[in-house]
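Everything on this sheet refers to the single structure shown next.
The values are calculated or read from the model by the stated rules, or taken from the named source; none is laboratory data. Predicted model only: the values in this text are computed from it and were never measured. Cβ coordinates were reconstructed from backbone atoms using ideal geometry, including for glycine residues, and neighbour counts include every protein chain displayed. Accessible surface areas use protein heavy atoms only, side chains included; no ligands, DNA or RNA. Shrake-Rupley method; radii C 1.70, N 1.55, O 1.52, S 1.80 Å.
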Amino acid sequence: MNDSSSDPYRLDELAAREARAREQGGADKVSRQHAKQRLTARERIERLVDPGSFDEYGLLAHSDLPEAASRTPADGKVTGFGAIDARTACISADDVTVLAGAGGRVGVGKQLKAFAYAAEKGHPCVCLGDAGGARVPDIMGSAGMMSMVYPITHTEPRERRVPLITAIMGECFGGAAWTASLSDIVIQVKGTAMCVGGPSILEVATGEKATNESLGGWELHAKVTGQVDLFAEDEEECLALVRKSLGYFPELSVGGPLSVGGPLGPMSAAQPVGTRVPPTEGLDNVLNLVPSDPRATYDMHRLLEAVCDPGSVLELKPFFDGSLITALARIDGRVVGVLANNPKVTAGAMGPGACQKATAFICLCDSFHIPLVFLHDTPGFFVGRRAEEGAMPLRIMNWIEAMHQSSVPRISVIVRKSYGMAHCNMSGGNMGSDILLAWPGADVSFMAPAVAVNVVHGRKLQEMQDPQATRDALMDEISRANAPWEAAGRGFIDRVIDPRDTRVEIARALARAAGPDGRAGRSRRRLANWPRMA
C-alpha cells in the first residue's frame, strides 16, 4: 500500500482494497467453481439484476478474527441493492470461494442488517444460497455460539412485509436452509442440496453415511418435504425463475399505496399488468377439456391454461401431492393465487401433503394481497391409516383456519364433483367466498352417489327381487339432489354458469372485489406470521 505522503487521500489504497475484495477467494477457487458449471456469487448477481444496477454494501468487510481477516474478502457474503426488472431489491449471495461459503459473524450480520433495512423500506429480498453452514471458528465456544444464535429478541419477526426469495444454487447446509425455511418462494437447482448438516458432519455425529442428494437433493424436497417451490435445470433458469416469481408480488411501500410489479413496471393495484387477453376469449374449447363423465380423468392444468392469461401460470410445489395444484397466475392481467383439484392424480382426492400445500399457499397469497381462485373437482380427502399417520384431521382444520383468517377476495368455481369436507376446504357453500359459481354439471354432496347408496341401502338392496333396478333408481334420485339447482335456488350458489364463460365470470368477480381503486381487495394480513409449512 502507498503511504499517506504519496497518496494523501488514500485513493490508491481504496482501489487496491476493493480490487482484492472482488478477487473473492482467488483465481484457483473461482476456477474450481467454474469447473462445476457454476457461477461465482458476483457473476450470479450480475446475471440477476438489471445491467449496472448493483450497489454493494460491505465490500471491505472481513472476518473479525485476526487470523482470518486476510482470507475472508467481504466475509463470504456479497450483499447490496440492485434493480430486477426496474424494481429495487436487496440481494445477498453466498461466496463459496471464501472458506466454502461458511457464514462468519461479520458476513451474516451484514446480510441480516441489509434484509432488515430492505423490509423497513419496502424492498423485496433475494438470497442466492451456496454455503456450508456456520464458520466453525466463529461459532465455537460459549461466546461464539451465543454471538451467532438465531436472533429473536432484537429483530423484527418475519411478517412477510416484503417477499423473500431464496435460490439453492450449491450445497447449502445450515444458514441458507434456515433462510429458505422462512422464504416465500424457494427455488432449487437440480444437483444441489439443502439440509441442516452435510454428510461429513452426519457421519461424525451419528455414524450414518449419506450423500448430499439423499439428505437434501431436489427430488426429496419436490416429492417428500414440500420445502421447495420451483426447480431449475441450471443456474440461468434458476435466476430467470427468481425474476419471474418476483413479478407476481405487489410492492409494499411502507405507508404508501399498494402497487404491482411486473414487466411493465410498478402500477396501481386497480390496473392489471402483464399479457392481457380479453376475458371473453379463450374458452371455446372448454367443453372438450373437461369430460362430462365424473369418473373420467383429465389434466386440470389444461383448464388453468385456458382460464388464465397465456403463459402466466407458475405452479408452486408441482411434485408435492399433485392432487392439488397451487399456482400464481394472472387473469385479465390481475395476479391471482389458484387452488385447483387435479383429477389426473389420485382422482383429485387430497392427502396431508395437499393440505399443507394449500395452507401455506393461502398464507402466502393473503400476506401479499393476492386474491384466491378455487376450482373444485374432488371426491374428498384420503382416508385410511396412511392419511391418519399424516395427521389428517389437523391438516384439514389448519387449512380451514387459514381460510377463516384470510381476508383477500375468494372466487370459487365448482367444475365437476365437490364432496365432503373437501368441499368446505375448497371454499364451497357457506364458506365466505366473494362469489360461488358452478357449472351446470356440478355434483355436490357428502359423498359420491354410488357410495351413498351402498352405505344407506346396502343390506336392503341385497334382499330385493331386482336390486339393480332399485339401485339405479336410488342413484338417479341422489344425482338429482346433488345437482346445483337446489343449492342455487336456496342461495348457496350465487350463479350457475355456462362453462365457456368461466374466464369472464372470474374476471368480473376480481374487478368487483378489488373496488374502484383496488384497495377493497387488500388483506388485513392476519396470516403474515403463520409458519411457512405448518
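Between Lys190 and Asp85, the C-beta separation translates, for a Förster distance of 22 Å, into a calculated FRET efficiency of about 0.30.
Once a ≥ b ≥ c are taken as the square roots of the eigenvalues of the Cα gyration tensor of the chain, is the result rounded (a/c under 1.5), prolate (a/b larger than b/c) or oblate (a/b not larger than b/c)? Prolate. Applying the Karplus relation 6.51 cos²θ - 1.76 cosθ + 1.60 with θ = phi - 60° to the range 187-196 yields 3J(HN,Hα) values of 10, 10, 7, 4, x, 9, 9, 9, 7, 5 Hz, where x marks Gly and Pro.
Close amide H pairs (under 5 Å, H built 1.01 Å from N) link Asp332 with Val277, Asp309, residues at least 5 positions away or on another chain.
Surface analysis of the range 104-217 yields an accessible area of 46 Å² per residue, using protein heavy atoms and a 1.4 Å probe.
At q = 0.23 Å⁻¹ the log10 of I(q)/I(0) for the range 63-179 amounts to -1.38, computed by Debye summation with a single uniform scatterer per C-alpha, solvent ignored. Across the range 417-423, rounded Karplus estimates of 3J(HN,Hα) from the backbone phi angles (6.51 cos²θ - 1.76 cosθ + 1.60, θ = phi - 60°) give 7, 8, 10, x, 4, 4, 4 Hz, Gly and Pro being marked x.
Were the residues from Glu43 through Glu219 laid out at 0.36 nm apart, the gain over their Cα-Cα distance would be 60.7 nm. The length gained by stretching the chain between Met140 and Glu23 to full extension, at 0.36 nm per residue less their Cα-Cα distance, is 39.3 nm. Derived scalar couplings between HN and Hα for the range 385-398 equal 4, 4, 5, 5, 5, x, 6, 4, x, 4, 5, 4, 6, 4 Hz in order, rounded to whole Hz, by the Karplus curve 6.51 cos²θ - 1.76 cosθ + 1.60 (θ = phi - 60°), x for Gly and Pro.
Provide the gained length on full extension for the span Arg526 to Asn430, in nm with one decimal, where the gain is 0.36 nm per separating residue minus the Cα-Cα distance.
Roughly 32.4 nm would be gained on extension.
Equivalent ellipsoid semi-axes for the range 338-387, as square roots of 5 times the alpha carbon gyration tensor eigenvalues: give them largest first, rounded to whole Å.
Values: eigenvalues 101, 36, 8 Å².
Its equivalent ellipsoid spans semi-axes of 23, 13, 6 Å.
Taking the Cβ-Cβ separation of Leu65 and Gln405 as r and a Förster radius of 51 Å, what is the calculated FRET efficiency to the nearest 0.05? Efficiency, rounded to the nearest 0.05: 0.65.
Pairs over the 27 Å Cα-Cα cut-off, from the set Lys317/Lys417; Lys190/Lys357; Lys110/Lys357; Lys29/Lys190; Lys121/Lys244: Lys110/Lys357.
Consider all pairwise Cα distances in the range 4-125 and report the whole-number % of them above 16 Å. Kindly include the intermediate steps, with their values, before the conclusion.
Values: 4666 of 7381 pairs.
The share of Cα pairs beyond 16 Å in the range 4-125 comes to 63 percent.
For the listed peptides 323-335, 513-525, 283-295, 305-317, a ranking on the average number of other beta carbons within 10 Å per residue, highest first, reads 323-335, 305-317, 513-525, 283-295.
Counting heavy atoms of the protein chains only and a 1.4 Å probe, report the per residue accessible area for the range 282-379 as a whole number of Å². Numbers along the way, then the final one.
Numbers: 2640 Å² over 98 residues.
Result: 27 Å² of accessible area for each residue.
In this structure Met145 has an accessible area near 100 Å², from a 1.4 Å probe over the protein heavy atoms. Exposed loop sites here mean chymotrypsin sites (Phe, Trp or Tyr not before Pro) with a DSSP loop assignment and at most 14 other beta-carbon atoms within 10 Å; the chain contains its longest site-free run at 10-445. Here the accessible area of the range 11-147 is 58 percent carbon and sulfur, with a 1.4 angstrom probe and all protein chains present.
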